[in-house]
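First the structure, in the form of structure tokens, and then the observations on it.
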Amino acid sequence: MKSETKFLIEKIKSANTILLSAHKNPDGDALCSVLALYQLIFLNYGKESVCVYDGNVPEALRYIPLRGRARYFDHAEMSGAADLAILLDYGTTNNIGGTRPMLDAAKFLIEIDHHKNDNKIGDFCIDDETAAATACLLYDLMIDAGWEYDDKVLNLLALGILTDTGNFKYAKDGRSLRIMGNLVDQGIEINRLLELLNNKPRKTIQTEAGVVANAEFFFRNRLAVAIVDSDAYKHLDGRGETALSLLGQIKGVEFIVLLKQQKENQIGVSIRSKHIPINQIAEKLGGGGHICAAGAVVCDSLENVKNKVIQMFQGV
Ligand SMILES: [Mn+2]
């Protein structure tokens, strides 16, 4: 067993209260990793961790196993500081949101993440930038620890991998596929999981289709820019993955930018690229993420952010 696995187990065993969390506005990998770890700790050590999030959970994740265990941080049943907090899949400190004080108050903080991060906050870090999803790291920990698991754990890990790899489109190597191979061998039905995720409200799909219909194209159509205004933003589910995906299917499009008017002067920027790294653009905007899928939140007018982002693609 790896020394980091042993250390994690010792910390879990000695903690009376455990807090689990991930990034704000949790996506599939963030939420499923939290819930899978909740279940693993429960099955193997008999302890019920408190799972908290900030922001909104996408509608598409409504029916995942154990969804009800994750509570909005303000409604969490946690009195006082946790003995142990485990922060999964958070990326950068900007992404943590309202759960930060609870994490800071914990007596010990372990992070488990696959994002590039130069400003780690864990007292102990189990990080691996080469992993396609945090769920892959959890799977490896589970096997290394020899932990008992159940169907819920397997389904959650599979969902985390599916969502973060865009159904394997962004798999950087064979590791996530090998893990999924093992999960399928143990009875996971990918088709059933995709059905569970493809379950968005009608208004959401219609909104995202409208956003795509009004997209603009720059630099010989290599860059697609689409805008989600404040009205459309109310109906968006998660980051607007449907719009990002549709624009990425257009012939000749290399880069996709989705600008989301979250507030009057607060614009969420999601950037995708088919081949060329774009994480440096997100970093310059104060955000971060993965090489070909990154984002930021910029406090400025929609028009200014749009012009600034388009300029940053000049010569890329
Ligand atoms: Mn992730």
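Values quoted throughout were computed directly from the atomic coordinates according to the rules given, and no laboratory measurement underlies them. None of the values given here were measured: they were computed from a predicted structure. Cβ coordinates were reconstructed from backbone atoms using ideal geometry, including for glycine residues, and neighbour counts include every protein chain displayed.
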Can you pull a Stokes-Einstein diffusion coefficient for the range 1-134 at 20 °C (1.002 mPa s), Rh from Kirkwood over Cα pairs, as a whole number of µm²/s? 146 µm²/s
Whole-number value, in Å³ per residue, for the convex hull of the alpha carbons of the chain is 129 Å³
Ordered by packing density, taken as the mean number of other Cβ atoms within 10 Å over each peptide's residues, highest first, how do 71-83, 201-213, 47-59, 156-168 rank? 156-168, 47-59, 201-213, 71-83
The Kirkwood hydrodynamic radius of the range 56-207, taken as the inverse of the mean 1/r over all distinct Cα pairs, in Å, comes to 17.0 Å
Everything considered on the Cα gyration tensor (a ≥ b ≥ c; rounded for a/c under 1.5, else prolate if a/b is larger than b/c, else oblate), the range 75-137 must be described as prolate
Checked the range 114-176 with the C-alpha gyration tensor, a ≥ b ≥ c its square-rooted eigenvalues, rounded below a/c of 1.5, otherwise prolate if a/b is larger than b/c and oblate if not; verdict oblate
Project the alpha carbons of the range 13-83 onto their principal axes and report the range along each, largest first, in whole Å. 35, 25, 16
With charges only on Cβ, +1 for K and R and -1 for D and E, what is the dipole size of the range 202-312 about its Cα centre, in debye, rounded to 20? 260 debye
The Rg/Rh figure for the range 202-312, Cα atoms and Kirkwood Rh, to two decimals is 0.93
How big is the dipole moment of the chain about its Cα centre under a simple scheme where the beta carbon of each Lys and Arg is +1, that of each Asp and Glu is -1, and everything else is neutral? Debye, nearest 20, please. 680 debye
Which residue, Y139, Y90, Y170, tops the fluctuation ranking in a GNM of the chain built on C-alpha contacts under 10 Å? Y170
Which of the GluC sites (Glu not before Pro) across the range 216-316 are loop residues per DSSP, with 15 or fewer other Cβ within 10 Å? E264
Within the set K116/K152; K2/K172; K234/K284; K107/K260; K107/K263, which residue pairs have Cα atoms separated by over 31 Å? K107/K260; K107/K263
